[in-house]
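Data block below; observations after.
The values are calculated or read from the model by the stated rules, or taken from the named source; none is laboratory data. This is a predicted model, so every value here is computed, not measured. Note: ideal-geometry Cβ built from the backbone for every residue, glycine included; neighbour counts use all protein chains shown.
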Amino acid sequence: MYLSKLLLQNFRSYQNQLFEFDSKFNLILGPNGCGKTNILESIFFLSSGKSFRSSSQSKLINWNTYFSSVRAKLIDNDKDETEIEVRISKDPNQLKSTVSRKFFIQKVEKTRKKYLGIIKNVVFQPEDIRLVTGSPNRRREFLDEIFAQTEWRYTSALSQYNKALKHRNELLDQIRNHTAAHTELFYWDQVLVKNSKIIHDFRTQFIKSVNDFFITHPDNQINTISLNYHPSVLTEDKLQKNFSIDLQRGYTQIGVHRDDFSFDNSIFPSVDKNLAFWGSRGQQRLAVLALRLGQINFLEQNYHDKPILLLDDIFSELDPEHQQLVSKVCQNYQTIFTSSEPESVKILSQAKIIQL
């Protein structure tokens, strides 16, 4: 299945714009600030109703409007067409308006549960270097993004977990101030334990899949990389043992909200093989590229569907050898590149050019 047409209405900088794509290579070319990344963001938004750039959905709606729509036409291997759409709107009469979101398949409104999985994307962007060098929160967001477009069980568990965590932390303050009893934690502890296991199992599955992909990869630089998962395993017993510390600090110390992973490289002779500390900038960029390739492999193996690849000015971050590696991988997928450099046309000579 590939993306044939994309219609943006009041999305970011676009008021009413139609884009048409080739089933293989597409290059969106234009100067910085002209809206190239907005197009990629809208395609990602179609997969899950979320952005890879902002946690605030209201920022996706064009200035001075209160409604936004991203609509697309997908064509499968049998040439059958499917129209999908995600709409968001906000109440202009509220200062802090809540954004509502609706999903449609063939113009029929669907629940998010029934909509998820119809289109899958993998995004490559220069900011991905933060997956190696940035905070644990960025790496957890990455894991959440993978399953946000594929697994309703994961997104539901994550939502319930975060709500329970918020309530538990509020209760800890109340218990410390003698306005609530310790026993009131029981319900929220049960919710945390149940949903933590679901989230942990999905994350473990992904990490294992990526490591299997790395170790068998023909590129000698990629097959020395591994992901080292650092889960914060939560059980009812651990919550009880940590209660006094949680009470003193006012928040829950353990759980999937404290998970992390690191990029290790077996070529380092030191005990600590973490690329964040010992890797060169080039090695760190390669590790991120390898992770995205592992993500593609994971989606294809587990969901038997090819994702659309969205590459945001990625060639500026890669040496010629790994530019060729990316180009070779992209041969098998619909790929949408962005670039501000006219020279990119030479690298992507087969691409359909969309000039902004």
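Exactly one condition in (1) within 30 Å of VAL132 (Cα to Cα); (2) charged (D, E, K, R); (3) assigned to a helix (DSSP H, G or I) is not met by GLU184; state its number.
(1)
Go through the range 83-127 and give me each residue that's polar (S, T, N, Q), surrounded by 13 or more Cβ atoms within 10 Å (Cβ to Cβ) and out of contact with any Asp or Glu (no Cβ under 7 Å at 6 or more places or on another chain). Steps first, please.
Of the range 83-127, the ones polar (S, T, N, Q) are 89, 93-94, 97-98, 100, 106, 111, 121, 125.
Add one more test, that the residue is surrounded by 13 or more Cβ atoms within 10 Å (Cβ to Cβ), and what stays is 89, 97, 121, 125.
Residues satisfying the conditions are SER89, ASN121.
Just to check your reading of the model, which residue among GLN323, GLN355, GLN295 is of a type in the set (S, T, N, Q) and assigned by TED's automatic domain parsing to the domain that holds ILE146?
Selected residue: GLN295, the only one of GLN323, GLN355, GLN295 that is of a type in the set (S, T, N, Q) and assigned by TED's automatic domain parsing to the domain that holds ILE146.
Among the helices (runs of 4 or more DSSP H) lying completely within the range 33-143, list those that include at least 3 residues that are of a type in the set (Lys, Arg).
Helices (runs of 4 or more DSSP H) meeting the threshold: 112-115.
I'd like the residue in the range 1-32 that is assigned to a strand (DSSP E or B) and among the aliphatic types (A, V, I, L, M) and, out of all such residues, is nearest to the chain's Cα centre (by Cα).
If we take residues in the range 1-32 being assigned to a strand (DSSP E or B) and among the aliphatic types (A, V, I, L, M), then LEU3 is nearest to the chain's Cα centre (by Cα).
Name the residue that is surrounded by the most Cβ atoms within 10 Å (Cβ to Cβ), counting only residues in the range 155-181 that are among the hydrophobic types (A, V, I, L, M, F, W, C) and not in a helix (DSSP H, G or I).
Checking each candidate, the answer is ALA180.
Looking at (1) modelled with pLDDT of 95 or more; (2) more than 30 Å from ASP313 (Cα to Cα), which is the one condition that is false for ASP80?
(1)
Step by step: first the residues of the range 131-140, then only those that are surrounded by 16 or more Cβ atoms within 10 Å (Cβ to Cβ) and not aliphatic (A, V, I, L, M), then the one that is farthest from ILE245 (Cα to Cα). Which residue is that?
For the range 131-140, the residue satisfying everything is ARG139.
Filter the range 325-346 for residues that are in contact with a Leu (Cβ under 9 Å, 6 or more places away or on another chain) and in a helix (DSSP H, G or I) and give the result.
LEU325, VAL326, SER327, VAL329, CYS330, SER344, VAL345
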